[in-house]
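Working notes for the structure below.
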Amino acid sequence: MKIGSSNVHCINPECQRPYPQLWGQKFCNSCGTPLQLLDRYVPLQRLGSGGFAQIYTVWDEKTQTEKVLKVLVENSPKALELFTQEAAVLSSLRHPGVPKVDEDGNFQINLFNPQPRQLPCLVMEKIDGLTLEEILEQYPQGCPEKLVLSWLTQAVEILQELHKRQILHRDIKPSNLMLRTFPATTLLNKGGGGESRLVLIDFGGAKQFNEKILRSQSGSTRLFSSGYSPPEQVIGGNVGPATDFYALGRTMIELVTGKYPPKLEDPQTGELRWRGGINLNPELADLLSEMVEEDVRSRPASSTIILKRLAKISQPSPKPDFFAKIMQAIRQAIAGGMQALSKTTLFIVQTIFRVFGACLITIWTMVLSCIGAGVGTIAGYILAYHTILGDRVGAIVSDRLLGLVPNTNHFFGSEIVLFAFAGLGTAWGLTAAGGFSQQRRFVVASLMGIIGYGFSWLMLQLITPQDGIEASAISILIAVFLLTLGLGLRSHQIVYAAIASFGTAIVFALLINFGFSPTAFLFHSTPNKWSLLLTILFFSLAGLFVSFWLAVSHYLIVPGLRFFGWR
């Protein structure tokens, strides 16, 4: 390349005619910006933009080599903070897997046109090669396992160095992993020879962390890459080494499958379904699955642990014994038989099993919620009308509501105990069933059941007419909405709560309209046996309808929302 005959590019983002400038000129003809930075770096051409910055190729007259110049063009405090953070991180690292920054490569240029300002600059080595995103284009069905295993090992070694210095990258994805190689075709032609070396680039989102106080951090800057960043980073929560492991795991899964990670998510649960249809070492697949667990505690704790497992995976497996050969032959025969089935037949069979399983889970949940509601109602009845607890609670509630309820004869304070325990029993039954991908938080669900049903009773006393359909429907809606929020559903909690509460309230409004009297709302003294049976039936039906509408939300509404992009 004849540098002397090349044109020069002005780096002023406001310049009206930044290119071409003649070689040897000190300042831009259009805006007067210096063209020889620090009397050493000459910008040759613009490579592109990333985040808040623009990237240029520069000629280093001191070393007579090409390098990369990153210029911050976004004029905001946050952009300057991230740029300064990246410069500090890269300047402190000396690792072959991280771009090397020149000793005096972090500087600022004074601009005067169109207005005075300083332009932060960062000069680092130029890495010749392809990003893993570009390499993946050559393997639409997924990259070979040997390549992925090598890249994963090198990436973890880089993270080990970063985490040892208490630095998180926070933006790992295929486009930020580059192979330092000779001609760009070397890797592809040789199948990933030993001459290539992985480099982690773009440290604009890097962050310092402290292991000792990691658990007590109040959160982090909400910076993430959709499809790769873990949940705790997306919501701006606490981040740690496991945050980088999650993004790296999703990156490697994309390289193995050839598919963007969100396209592999189950529409119902959001979990990755990626292991079917690919030939991959089971131990490597298990490691990647652990790295992308939503729960931080389920991911590998450190880079050292991952590297030990990778070393074990890389070792040649011993020759199988006679029994292992027989088992392998059986597995191959089964796999061959499964492949013989047409995709349509297999899809139909899988759909039938999924529908059957969904029906079983729904029925089981409905049964347990009915039983829980009935048992809770009985327990609440005994406490409310046959123990001193009911008398004391009734007296306290009646006293507090004396000035709120227009006609105090419309309520009997002990009823709130019956309602509260009916909510407790319903919540316990729903949680014990464990359906709909809930986290089974017994204590939280029980408290929300008590609060929801107790608050619904209170609202019932404040709404007139007391025995009207509107009052009953609103009371049921409040009870179910609060109860559902406490179940610990993994996503779309508001959607579940809205569908379950409105659906249950509408059903009961119709029942009441056709003569089903909510006897539980009419107690003014100790109920008789017939009233108690109707009360148990009422709350049991409430639990049954809540379970039904939760199933509708889980198997129909939420998957539909995920399909249309609401995650």
Fill in: Residues located in the stretch 238-271, provided they are touching a residue at least 60 places away in the same chain (Cβ under 8 Å), of a type in the set (Ser, Thr, Tyr) and within 30 Å of residue 166 (Cβ to Cβ)
243, 251
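So that you can scan it fast, the table gives a plain yes or no per residue for (1) surrounded by fewer than 16 Cβ atoms within 10 Å (Cβ to Cβ); (2) farther than 15 Å from residue 107 by Cβ; (3) in contact with a Ser or Thr (Cβ under 7 Å, 6 or more places away or on another chain); (4) of a type in the set (Asp, Glu):
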| site | (1), (2), (3), (4) |
| --- | --- |
| 8 | no, yes, no, no |
| 11 | no, no, yes, no |
| 20 | yes, yes, no, no |
| 28 | no, yes, no, no |
| 32 | yes, yes, no, no |
| 37 | no, no, no, no |
| 60 | no, no, no, yes |
| 68 | no, no, yes, no |
| 72 | no, no, no, no |
Item to complete: Go through the residues of the stretch 83-93 one by one and say whether even a single one is more than 21 Å from residue 18 (Cβ to Cβ), acidic (Asp, Glu) and outside the structural domain of residue 56 (by TED's automatic domain parsing).
Response: yes
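State which residue is surrounded by the fewest Cβ atoms within 10 Å (Cβ to Cβ) when the search covers only the stretch 45-58 and only residues that are touching a residue at least 40 places away in the same chain (Cβ under 8 Å) and not aromatic (Phe, Trp, Tyr). If you could, list the steps in order and put the result at the bottom.
Within the stretch 45-58, the first condition is being touching a residue at least 40 places away in the same chain (Cβ under 8 Å), and the residues that meet it are 50-54, 56-58.
Of the ones still in play, those that are also not aromatic (Phe, Trp, Tyr) are 50-51, 53-54, 57-58.
Numbers: 50: 14, 51: 18, 53: 24, 54: 18, 57: 16, 58: 24.
Within the stretch 45-58, the match that is surrounded by the fewest Cβ atoms within 10 Å (Cβ to Cβ) is 50.
So which of 478, 499 ends up being farther than 21 Å from residue 425 by Cβ and either of a type in the set (D, E, K, R) or modelled with pLDDT of 80 or more (or both)? Let's see the steps before the verdict.
Numbers: 478 fails: farther than 21 Å from residue 425 by Cβ.
Only one candidate passes the filter, namely 499.
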Discussion item. Can you tell me which residue is nearest to residue 552 (Cα to Cα) among those in the stretch 272-292 that are touching a residue at least 12 places away in the same chain (Cβ under 8 Å) and assigned to a loop (DSSP other than H, G, I, E, B)?
Written reply: 274
Worksheet item: Can you name every residue in the stretch 298-310 that is touching a residue at least 24 places away in the same chain (Cβ under 8 Å) and either closer than 13 Å to residue 281 by Cα or among the β-branched types (Val, Ile, Thr) (or both)?
Response: 304, 306, 309, 310
Worksheet item: So residue 94 clears everything in (1) touching a residue at least 40 places away in the same chain (Cβ under 8 Å); (2) not in a helix (DSSP H, G or I) except one condition, right? Which one?
Response: (1)
Discussion item. Given the criteria of a type in the set (Ser, Thr, Tyr), touching a residue at least 24 places away in the same chain (Cβ under 8 Å) and buried (at least 17 other Cβ atoms within 10 Å of the Cβ), does residue 131 qualify?
Written reply: yes
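Has the stretch 106-118 got any residue that is within 19 Å of residue 203 (Cβ to Cβ), in the same structural domain as residue 242 (by TED's automatic domain parsing), surrounded by 14 or more Cβ atoms within 10 Å (Cβ to Cβ) and not polar (S, T, N, Q)? If you could, list the steps in order and put the result at the bottom.
Here is the first cut: in the stretch 106-118, the ones within 19 Å of residue 203 (Cβ to Cβ) are 106-108.
Then drop every residue that is not in the same structural domain as residue 242 (by TED's automatic domain parsing), which leaves none.
Within the stretch 106-118, not a single residue is within 19 Å of residue 203 (Cβ to Cβ), in the same structural domain as residue 242 (by TED's automatic domain parsing), surrounded by 14 or more Cβ atoms within 10 Å (Cβ to Cβ) and not polar (S, T, N, Q).
The values are calculated or read from the model by the stated rules, or taken from the named source; none is laboratory data. Computed from a predicted structure; not experimentally measured. Backbone-built Cβ (ideal geometry, glycine too); neighbour counts: all protein chains shown.
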